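As structure tokens, the structure follows; a few thoughts come after it.
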Amino acid sequence: MQTAQSCNALPFFNKQLVVDPSCKLFFTPPALNHCHDPCFAPIIPAMEAKQILKNTLALILLLSLALLTAGCAAKKEQTPPLESKVERPALDRGPRYCLWLLVVKDNKDLAEVKNKLAQKTPFALVVREMLAKSSRNNLSSLDCMAARDLEPWLLKIAQGLGIGEVSSPFTWDQGTAFIMRTTDIYRRQGRMLYDQGKYLAAEAMFTKDLALHPDSAPMWQIMGMSKAARGDQEGALKALEKAVRYAPRDAGILQDLATTLVYLGEPEKAVPIFERALDISPQNVLITSNLAWALALANQNLDRAEDLAMRAVERNPNRARFWSTLGLVQQKQGDHGAALLSLHQAARLNPADSTNQQRILNSLMALGPDSLKGLTHDEKPSLSKTLAQKPRAKVKASPVKPEKKTKASVPKPEKPVTQKVKKPSKDKKPTSAKGKRDYFLQVSSFRRLDLAQRDVRKWRRLKVGAWLDTFTAKDGSTWITVVLGPYPSLDKARKMGRRFKKDHRTKSFRIFSRPRGWRPHSPA
């Protein structure tokens, strides 16, 4: 590597550079230290000779030291004009050059590249194909740099190209190289306009950028989002389909595509795309909720839709959209009571959501007056506590469903055999007084009523008898438990519990017994 030998050339390093094939593509020389530059070395010995003739040895030493310092300082006083030019050279005010380099080392690939370029195939697609064919023999890089950072020969090539033009082939790194001049100004301006809500103007910029980079998935994605914001769902769909073509494993793009399909009234087509997105990003709560949303609208696999919607609510209970989706799923299941609870929570978090308000109205109209009475005073977050406290009163009022006249014959767990059994001579279930007992499985417990209700519905869809019960812990907190049964014997209960655990229906279970005829309370 040669270096500059002229002091007058110091401010303009790039003019004195010689290209070294071993250097990187963009080479910038290190700054030089003016005080130790050989151009200024002859000044100091000449001044020392004059002092030797006029002064003693001691003065010579002192003056030599002083002149040495003064000489360097004097030289620094001469450099400001040069330094000012270095700080603000004319090239700094020039344009930035965005260059896309492709290096091909295989002769067959080289012939193919030349053929495709002759057929006006976009340079970006040629690069993509060559890299897909062989990332070892074919290399590519893209960078935007100021003119002063480019080597002269490379700058000369760049200056001879217009935006989108490709250079003639030239030798590079034991291969043949092509350079296309591109720009990032269109995408930067487009994003700024998009953020300002000027969607048509933004799309014009995106179109120009995509002409240079037709395989840019992020550009196709934001183009689709812009069209969707204008209400052009068909245009958004086409743009997002192209984005997926170039980025098939981008969960965000897949989600946008599926969402657009739902808005176009095709949730059935959206479901498998949401599934792909969730497989790629299983912890994404928004994709989880949106898949439940699509399943509900398509009226498919509502059990899984409920599980997904509940999972989203559990992970982020402060998102109104997730509660609204859960309410929609519960409406599709016909459980309008549970749907009202979910939709009410969504309304508390986002009162302005008109879609959610309409869903609340639909559930209110679907429920009868008797069902609404139990919901009118339970509109606060303490709903689970108020409903959870009701079971004890109801257990005493209706312990045996067949007859309401036998209130006095309620068997107490502490006294399974009492004289009260003899009074109702018409009672057809005296077996409860003879010590026979039913067995139950407690499989889960919750602090929130809506979660417990969800678990009960899961078991009932499996044709398993499921109930809700409550108990108060030592710290005074109320818990809602899910109880399965009854089973006629301990062995039967144990067998069913092990079966449910083996089938991964429950992680654990507890067996307990109650007098035959006893049933836990199950809120509506």
*Return the sequence-ordered ³J(HN,Hα) values of region 478-493 in whole Hz as given by the Karplus equation 6.51 cos²θ - 1.76 cosθ + 1.60 applied to θ = phi - 60°, using x for Gly and Pro.*
9, 10, 10, 10, 9, 10, 10, x, x, 10, x, 9, 5, 4, 5, 5
*Under 5 Å between amide H atoms, partner at least 5 residues away or on a different chain: which partners does Thr182 have, H built in plane at 1.01 Å?*
Cys98, Leu99, Trp100, Gly164
_Just want the answer: with Cβ charges of +1 for Lys and Arg and -1 for Asp and Glu, which residue in Met145, Ala132, Val103 is farthest toward the dipole's positive end in region 92-183?_
Ala132
*For the charge dipole of region 249-373, defined by +1 on Lys and Arg C-beta atoms and -1 on Asp and Glu C-beta atoms about the Cα centroid, which residue among Pro351, Ala320, Gln333 has the Cα displaced farthest towards the positive pole?*
Pro351
*Residues whose placed amide H lies under 5 Å from that of Phe471, excluding near-sequence neighbours*: Trp479, Thr481
*Assigning unit charges at the beta carbon (Lys, Arg +1; Asp, Glu -1) and nothing else, what dipole magnitude in debye, to the nearest 20, does region 92-183 show about its Cα centre?*
180
*Determine ³J(HN,Hα), in whole Hz, for all residues of region 156-170 in sequence, where each value follows from phi through the Karplus function 6.51 cos²θ - 1.76 cosθ + 1.60 and θ = phi - 60°; x replaces Gly and Pro.*
5, 5, 4, 5, x, 10, x, 4, x, 8, 10, 6, 5, x, 8
*Estimate the FRET efficiency between Met192 and Arg494 by the formula 1/(1 + (r/R0)^6), using the beta-carbon distance for r and 56 Å for R0, to the nearest 0.05.*
0.25
*Residue pairs, from the table Lys463/Lys507; Lys114/Lys242; Lys133/Lys238; Lys463/Lys492; Lys436/Lys495, whose Cα atoms sit over 22 Å apart*: Lys114/Lys242; Lys133/Lys238
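Bear in mind that the values in this text are calculations on the coordinates, not laboratory data. In this text, all values refer to a predicted model and were calculated from it rather than measured experimentally. So basically every Cβ, Gly included, is an ideal-geometry build from the backbone, and we count neighbours across all protein chains shown.
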